[in-house]
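See structure below.
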Amino acid sequence: MNTGFLDRSVTIHGTAYPYAVYVPRDYDPSHAWPVILFLHGAGERGNDGLRSSAIGLGNAIRFAPDRFPAIVVFPQAPTETRWLGDPADAAMLALDQSMREFHGDPDRVYLTGLSMGGYGTWHLGMAHPERWAALAVVCGGLVPHPTTTSVRRSPLLPPEPADPYPFAAHGVRALPIRIFHGADDQTIPAEESRRMFAELQKEGAPDVQYVEYPGVGHDAWTRAYGDAELWKWMFAQRKGGK
């Protein structure tokens, strides 16, 4: 059995979407494995199947693979797209294909993403709340800002001028969630994460925490994904609290 970062692809509407899938060195197909779906940021878009694992979670795995006894799926969104529409559907298809191929445990499927992928994490969290055992959102948000052209408002959210944060929080309120943001982020304002955290608290979310890093800009992912406690917490979660 090959292990490490493997190349795969799915096809939607005639378009191939490459993805990488990480398989631990000690992978054993005789038992079910937790699965993480990771959504990259804007800088990793393309069709090479490689950049999706170059920043964030991929680096964390390469640095400390023992922290990740899991199958990790790295879909790639094409240039100038977002984690909406076909790219989002391709990510879910890559997840499903990886779960079949590597015996994924449906009760231990986790969703995370950074920046544009953080927006995608809220979107897919709302779109498929029944799929996830936990979410981890890094420097993400819900609405676009003048500081970046790489994010869009999810079509699942009510149209402007309606407030999207209560709607989104209500949709994911039952999920265990960890949120991370740099206080000095000049690309995606930390207020995005602050507002989601506040609304989740209003919803009575049973397990939500927000970590804001003082003095940190947009790169909150190095500290977030490099935190061993995040992964200990995540892998302890099971869908429906089983």
Among the residues of segment 118-135, are any closer than 29 Å to residue 105 by Cα and touching a Cys at 6+ places or on another chain (Cβ under 7 Å)? yes
When restricted to 161, 129, the only residue of a type outside the set (Asp, Glu), more than 22 Å from residue 69 (Cβ to Cβ), surrounded by fewer than 21 Cβ atoms within 10 Å (Cβ to Cβ) and more than 16 Å from the chain's Cα centre (by Cα) is 161
Could you count how many residues in segment 16-58 are of a type in the set (S, T, N, Q) and either more than 19 Å from residue 138 (Cα to Cα) or more than 15 Å from the chain's Cα centre (by Cα) (or both)? 2
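Condition check ((1) surrounded by 15 or more Cβ atoms within 10 Å (Cβ to Cβ); (2) among the charged types (D, E, K, R); (3) assigned to a loop (DSSP other than H, G, I, E, B)) across all residues:
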{"position": "48", "(1), (2), (3)": "no, yes, yes"}
{"position": "52", "(1), (2), (3)": "yes, no, no"}
{"position": "55", "(1), (2), (3)": "yes, no, yes"}
{"position": "60", "(1), (2), (3)": "yes, no, no"}
{"position": "66", "(1), (2), (3)": "no, yes, no"}
Segment 1-46, subset surrounded by 20 or more Cβ atoms within 10 Å (Cβ to Cβ) and in contact with a Lys or Arg (Cβ under 6 Å, 6 or more places away or on another chain), residue nearest to residue 88 (Cα to Cα): 19
Residue 216 in a loop (DSSP other than H, G, I, E, B) and modelled with pLDDT of 95 or more: yes
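The values are calculated or read from the model by the stated rules, or taken from the named source; none is laboratory data. Every value quoted in this text rests on a predicted model; they were computed, and no experiment measured them. FYI the Cβ positions are ideal-geometry reconstructions off the backbone, even for glycines, and counts take in every protein chain you see.
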